[in-house]
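Here's the structure, in structure tokens; my notes come after.
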Amino acid sequence: MTCSNDGRRPEGLQEVRPGESCELGMMFAHAAWLEAASVPAFQRLADELREHGAPERLIQAARRSAADEVRHTSTMKKLARRHGATMPDVDIAPFQPRDLEGMCLENATEGCVREAYGALVAGWQARTANDEEVRQAMTSIARDELRHAELAWAVDAWAAKRLPPEAREHLREARRETLRGLRSDVERHAPPPLLVRDAGVPSRVDALRLVNGMTELLA
Ligand SMILES: [Fe+2]
Ligand SMILES: [Fe+2]
């Protein structure tokens, strides 16, 4: 689902089926669920960065991001409740140890691409939603998500110096593949007009422009 702002999905996250409620309620409940799932993703990133001897500023930024996601979860839960929806439970398979490249692969797809796109969508919602509460919520979320995307690229730059050329090529290919997947989701998915109007979700055409702009930037 790309009509709510995309977040950092941790490895092992079990997908959920949307609950019974109106379109707006379902969208905010799904967004809350994804925000909640991003909390352990950042906690794990912080722990792994420490294990790999990363600079303290990156570790602290990952911890701060986890705290941001806790705040985003309660903001989205509140909007979901207003529309009669409840956040589904977050179910994640236990994390298994992985090497630096494994950590970087998740960071490349979920951070460098998905959180960057999430920041663009959140910014769009902040500017275009008819609902004032949504505009306010997304203004502050967009700022945080932009910082999360910047952190992903900072982690990528730090790790690149420690990885062999083949691993760096894997990361580049993973980013390209995630962008292609994002574009095909956006192409296949026209968000309902109510979500475009009230929640400021980009229409299919606008979402394609955002993805195209991001593709050019990352090329
Ligand atoms: Fe978030
Ligand atoms: Fe985030």
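Whenever a residue of the stretch 85-100 is farther than 12 Å from Leu45 by Cα, its partners that are part of a strand (DSSP E or B) and of a type outside the set (Gly, Ala, Ser), lying with C-beta atoms within less than 6 angstrom and at least six residues away or across chains, give the pairs Ile92/Leu13. Leu217: buried (at least 17 other Cβ atoms within 10 Å of the Cβ) and in a helix (DSSP H, G or I), yes or no? No.
So that you can scan it fast, the table gives a plain yes or no per residue for (1) at pLDDT 95 or above; (2) within 16 Å of ligand 2 (Cβ to nearest atom); (3) farther than 27 Å from Pro191 by Cα; (4) touching a helix residue (DSSP H, G or I) at 6+ places or on another chain (Cβ under 8 Å):
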residue: Glu35; (1), (2), (3), (4): yes, yes, no, yes
residue: Gln43; (1), (2), (3), (4): yes, yes, yes, yes
residue: Asp47; (1), (2), (3), (4): yes, no, yes, no
residue: Glu51; (1), (2), (3), (4): yes, no, yes, no
residue: Glu56; (1), (2), (3), (4): yes, no, yes, no
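In the set Val155, Val113, Val205, Val134, only one residue is of a type in the set (A, V, I, L, M, F, W, C) and out of contact with any helix residue (DSSP H, G or I) (no Cβ under 7 Å at 6 or more places or on another chain); that residue is Val205. For the stretch 21-28, indicate whether the set of residues that are modelled with pLDDT under 95 and outside any helix (DSSP H, G or I) is non-empty. The answer is yes, given that some residue of the stretch 21-28 is modelled with pLDDT under 95 and outside any helix (DSSP H, G or I). The residues on offer are Glu166, Glu150, and the sole one that is more than 12 Å from the chain's Cα centre (by Cα) and more than 16 Å from ligand 2 (Cβ to nearest atom) is Glu166. Looking across the stretch 31-60, the residues that are in a helix (DSSP H, G or I), touching a residue at least 24 places away in the same chain (Cβ under 8 Å) and more than 15 Å from the chain's Cα centre (by Cα) come down to Arg44, Glu48, Leu49, Leu58.
Quick check on Ser184: is it surrounded by fewer than 16 Cβ atoms within 10 Å (Cβ to Cβ), of a type in the set (Gly, Ala, Ser) and within 16 Å of ligand 2 (Cβ to nearest atom)? It is false that Ser184 is surrounded by fewer than 16 Cβ atoms within 10 Å (Cβ to Cβ), of a type in the set (Gly, Ala, Ser) and within 16 Å of ligand 2 (Cβ to nearest atom). When the stretch 81-134 is limited to residues that are closer than 17 Å to Leu194 by Cβ, of a type outside the set (Ser, Thr, Tyr) and in contact with a Gly (Cβ under 7 Å, 6 or more places away or on another chain), the one that is farthest from ligand 2 (Cβ to nearest atom) turns out to be Gly84. None of Glu115, Glu169, Glu145 is surrounded by fewer than 16 Cβ atoms within 10 Å (Cβ to Cβ) and either more than 13 Å from ligand 1 (Cβ to nearest atom) or under 27 Å from Gly25 (Cβ atoms) (or both) except Glu169.
Taken as a whole, the condition of being within 13 Å of ligand 1 (Cβ to nearest atom), of a type in the set (A, V, I, L, M) and more than 16 Å from Leu195 (Cβ to Cβ) applies to Val70.
The values are calculated or read from the model by the stated rules, or taken from the named source; none is laboratory data. The shown structure was predicted, so the numbers you read here are calculated from the model rather than taken from an experiment. No Cβ is skipped: glycine too gets one built from the backbone with ideal geometry, and neighbour counts run over all protein chains shown.
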